[in-house]
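*Asks:* Below is the structure I would like to discuss, written out as structure tokens.
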Amino acid sequence: MSEDLVVGVDARGVSVEVLLWLKGRAASSGDLRIEIVTVAELGRVPPDAADIEYRNAYEQAMGDAKKRVSADLPGVPVTATMMWGIAADQLVEASSRADVLVLGSEKTGVIQGWVSGTVPLRVAARSACTVVVVPRAWRATPRRLVVAGASLDGSDDSALAFAAAEAARTGADLLLVHALRIPQALLAEDLLSPSVQDEIREKATRRLRLVVEELESQYPGVSIGTSITTERASLALATESRDAVVVVVGTHGRGAVSRVVLGSVGHDLLLDTSCPVAVVPAGVAKR
């Protein structure tokens, strides 16, 4: 099955980590096409700077990225596109022609270039396709595990399907993590009786079992485990996915605001995880 990837790079070019991720993707995908995209932000050009020098810096980075990707992935078609405007907006536009949009990240929240700053957060909230953010200093590990957040409210159906497909494609196990929606203050103050806590957990267990059965019917070769926790969802996912292939979360897609704000779980993971994060929009389908 063919897959179209858009890889966003800024003036610093493509990172070693993104290259490693792309090589792993190519090794496990039958037919891959890659488009390198860089966005020159008009508002960042100093008034006294020569426009041609500014353009040349981005074009050089784009050209170098294309050469590096082509050299590392022989036989994979690689094209390059230069865009002008606001980086997040242009990358969201590019996402409409991709199955997966790939970005790098420093995980610091500090703007050091649009790829590693706040842009991945803004793009992931609005993207038309799945966004994979590969953190700096990430290296692939022998552990074959895909971790996915399971909200059990139906909004993450696309994310769970993506996670199961990733596990099937890479030969990994799949772990579904559900965080019980119990305010931490209630637990800390012992305001919920053990019987009430047990009832909440049992209901989540039954619903999670149904999700597992549905995924097993669609991906019979994938081993699926579950974890139910009272921890904050982002913390539990970051802990479980420390050496994972990828951690997968969904976006709710509930109205206009949710398409601008990523949400606390995805936001925290993108700033704190040690492995690639896949953010899957609700209702997204492969092109």
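Derivation of every value follows stated rules applied to the coordinates shown; laboratory data play no part. What you see is a predicted model, and the numbers here were worked out from it, not measured in a lab. As a convention, Cβ positions derive from the backbone with ideal geometry for all residues, glycine included, and neighbour counts pool all protein chains shown.
*Asks:* Label points 7 Å out from Cα along the Cβ direction at Glu199 and Glu59: separation in nm?
*Replies:* 6.9 nm
*Asks:* Residue separation times 0.36 nm, minus the C-alpha to C-alpha distance between Glu216 and Ser274: what's the value?
*Replies:* 18.1 nm
*Asks:* Listing His178, His267 from the residue with the fewest other Cβ atoms within 10 Å to the one with the most, what is the order?
*Replies:* Starting with the residue having the fewest Cβ neighbours, the order is His267, His178.
*Asks:* What distance in nm separates the simple spin-label points at Trp84 and Arg209, each placed 7 Å from Cα in the Cβ direction?
*Replies:* Distance between label points: 6.1 nm.
*Asks:* Extending each Cα 7 Å along its Cβ direction at Val16 and Ser155, get the distance between those two points in nm, one decimal.
*Replies:* Result: 3.8 nm between the two label points.
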